[in-house]
Amino acid sequence: MWCNYQNLYFDYDFILILLLFIGIDAIIFLSLLIIFYKPFIAVKKLISENPFSDMYSFYSKRFNPFITIKEAILRNNDRSHAELDKLNKLEQYRREYIGNVSHELKTPIFNIQGYIASLLDGGLNDKKVNRHFLEKADKNVDRMINIVMDLQTISRFEAGELELQREPFGIYQLIEDVIETEKENAAKNQISFELFRGNEINVNADKFRIRQVLTNLLVNSIRYSKPGGGETNIRIYELEHHIKLEISDNGIGMDEKHLTRIFERFYRVDSSRSREKGGSGLGLAIVKHIIEAHGETIEVMSTPNVGTVFSFSLQKT
Ligand code: ADP
C-alpha cells in the first residue's frame, strides 16, 4: 500500500523494513566504533610520537602526501641544523679550550726551559745566580702544577665525578684558618684582612671545597688590590636556614660588562696582570662549580677603582 495524502494510508511493511535496516546499520557502526576506537587511538599516539608526526597532521588536514613529505623533510632538516649548530659550538668550545690550556702551559714551560739553558750555559757554576735560577724554575713548576690541578678539578666537576663530602663545621673557624694561611701573602701586598666575627655558626658543607672557595676569593682580593695595598672585609649574615658570606675589597674593581663572564674558565679582565700575579684564570670557575654543587649561589658586584664584593650562601646545620 502507498501513502496517499488524499486517502492517507501507508505502506507500513516498507517503513518497518526501512527502520530495521537503519537500526541494523547503526548497531554495526557502533560495534565497529567500539572495536576500532582503542587501536585507532594507539596508532594515532604512535604516529604523533614519530618524527614524521608533522606529516601525519598535515596529511590528515589536506590529503596532499607530497607536500606533506616535503614539509616533514624540511622540518627534519631544521632539526638537523639545530643539532649541527650545537655540535659546531661544542667543537669551537673544545678548540678554544685546548688553545687556552696550551697557551697557559706554554709560558711556564718556556720559562723553565730558559732557566735550565742559562744554568747549562755556565750559570750552574756562578754561585750568584744558580740558586736564583733554580728557584725561578721551581716557581714555574708550581704554576704548572696549579694549572693542571685546577683543570682537573673543573673537568671532574663537569663530568659529575666530584662528590661533595658534606659535614657540619664552624664557618668562622674555617675563615680564620684561611686568613692565617694567607696572612703572609697579604702582608707582602699591604692588605689587611678583617673578619667581623660573631658567635660560631655551623654550616653543612664540604669543608675542603669551601676552604678552596675562601682561598680563591681572598687571594683574588690581594691580586687585584690597588698599588699601596688595601683592606679585605669578611662578613657573615645569618638567615633562617642559610648564611650569606660576603668578601669585599677596595681594590681595582672591574667594569660591569665583565661581571657575567668572570666565572667562565680562562676569562680575565687583564690577562697580563693575572698571569704576572700567578693567576690561571680558573679560580672563579672553580668557585662557581663548588658553590653550585652545594645547591647555592654566588653573586658579584664591582665598581672600577672602588672595589669588589663577592657573596655566596651556605646551608646552616
Ligand atoms: P685569575 O687566576 O685570573 O685571578 P679568576 O678566575 O680567579 O682568575 O678571576 C677571573 C678574573 O676576574 C681575573 O682575571 C680578574 O680580572 C677578575 N677578578 C677576580 N676577582 C677580582 C677582584 N677581587 N677584583 C677585581 N677583579 C677581580
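Collect the residues in the stretch 270-296 that are among the acidic types (D, E) and farther than 18 Å from S221 by Cα, keeping them in residue-number order. Result: E292, E296.
Restricting to the stretch 160-211, what's the tally of residues that are within 27 Å of G251 (Cα to Cα), out of contact with any strand residue (DSSP E or B) (no Cβ under 9 Å at 6 or more places or on another chain) and among the small types (G, A, S)? Of the residues in that region, 1 qualify. In the stretch 282-299, the residue that is farthest from the chain's Cα centre (by Cα) out of those that are among the small types (G, A, S) and surrounded by 17 or more Cβ atoms within 10 Å (Cβ to Cβ) is G283.
With the condition kept exactly as written, say whether any residue in the stretch 232-248 is within 21 Å of H289 (Cβ to Cβ), among the aliphatic types (A, V, I, L, M) and within 13 Å of the ligand (Cβ to nearest atom). Yes: one or more hits.
Look at (1) under 30 Å from Y97 (Cβ atoms); (2) of a type outside the set (V, I, T); (3) modelled with pLDDT of 95 or more; (4) out of contact with any helix residue (DSSP H, G or I) (no Cβ under 8 Å at 6 or more places or on another chain) and you find that G170 fails only one, number (1). For first residues located in the stretch 268-292 and of a type in the set (S, T, N, Q), partners that are within 7 Å of the ligand (Cβ to nearest atom) and lie 6+ apart or on another chain with Cβ distances below 7 Å form the pairs S274/R268; S274/G281.
With respect to the conditions (1) touching a Leu at 6+ places or on another chain (Cβ under 9 Å); (2) under 25 Å from P168 (Cα atoms); (3) hydrophobic (A, V, I, L, M, F, W, C), L239 lacks only one, and its number is (1). For the stretch 156-167, the set of residues classified as farther than 12 Å from R209 by Cα and either at pLDDT below 90 or part of a loop (DSSP other than H, G, I, E, B) (or both) consists of E158, A159, G160, E161, listed by residue number. Scanning the stretch 299-317 for residues that are closer than 26 Å to N146 by Cα and either charged (D, E, K, R) or part of a helix (DSSP H, G or I) (or both) returns a single hit, E299. Only one of the listed residues (S221, S311, S302, S271) is more than 9 Å from the ligand (Cβ to nearest atom) and not acidic (D, E). That residue is S311. Entry remark, the stretch 297-317: residues being in contact with a Phe, Trp or Tyr (Cβ under 6 Å, 6 or more places away or on another chain) and touching a residue at least 40 places away in the same chain (Cβ under 8 Å) number 1 in total. Residues that are in the same structural domain as R235 (by TED's automatic domain parsing), in a strand (DSSP E or B) and surrounded by 14 or more Cβ atoms within 10 Å (Cβ to Cβ) do not occur anywhere in the stretch 171-184.
Just one residue in the set I236, I201 is in contact with a Phe, Trp or Tyr (Cβ under 8 Å, 6 or more places away or on another chain), in contact (Cβ under 8 Å) with a residue 60 or more places away in the chain and surrounded by fewer than 18 Cβ atoms within 10 Å (Cβ to Cβ); that residue is I201.
The values are calculated or read from the model by the stated rules, or taken from the named source; none is laboratory data. The model shown is predicted, which means the values in this text are computed figures rather than measured ones. With ideal geometry, Cβ positions are generated from the backbone for all residues, glycine too; neighbour counts draw on all protein chains shown.
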